[in-house]
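Only the coordinates and a few stated rules stand behind these numbers; no lab work does. Quick caveat: nothing in here was measured; it's all calculated off a predicted structure. As a convention, Cβ positions derive from the backbone with ideal geometry for all residues, glycine included, and neighbour counts pool all protein chains shown.
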Amino acid sequence: MEEIKRDIYLQRLIDSEQNQLVKIITGIRRCGKSYLLFHIFYNYLKNKGIDDAHIIGISLDDVANEELLNPKELNRYI
């Protein structure tokens, strides 16, 4: 399967990477939000030399992460 490039969205993430703000990605269901973050942006960070220990990826719609919906638990985890 060929990867759909999302260069504009990736560049927006890169441009705001160091602004100390939380990034919120919105869009309709199944438009590639998770893919953008968990694959494209992740690969960008890895290619930049960022160690896995410094990359946190959490899917909050996964039942296994249900406790992280509590902000205090999420803060502890991070």
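Sites listed here are GluC sites (Glu not before Pro) in the chain whose DSSP assignment is loop and whose Cβ has at most 15 other Cβ atoms within 10 Å: 2, 3, 17. Label separation (residue 34 vs residue 72): 2.9 nm, computed from points 7 Å beyond Cα along the C-beta direction.
If R0 equals 30 Å, the separation of the Cβ atoms of residue 1 and residue 53 corresponds to a calculated FRET efficiency of about 0.50.
Simple point charges give the picture: +1 on the Cβ of Lys and Arg, -1 on the Cβ of Asp and Glu, and for the chain a dipole about the Cα centre of about 260 debye.
Annotation for residue 62 and residue 12: the two label points, set 7 Å from Cα along the Cα-Cβ direction, are 2.5 nm apart.
Exposed loop sites, defined as trypsin sites (Lys or Arg not before Pro) outside DSSP H, G, I, E and B with at most 16 other Cβ atoms within 10 Å, are absent from the longest region of the chain, namely 49-78. Helix-only arithmetic for the chain: the sum of -39500 (n - 2.57) across DSSP H runs with n ≥ 4, divided by the residue total, places the mean residue ellipticity at 222 nm at -7000 deg cm²/dmol.
On the principal axes of its alpha-carbon atoms, the chain has extents of 35, 29, 22 Å, going from largest to smallest.
Normalising the average separation of contacting C-alpha pairs (under 8 angstrom, six or more residues apart) by the number of residues puts the relative contact order of segment 7-77 at 18 percent.
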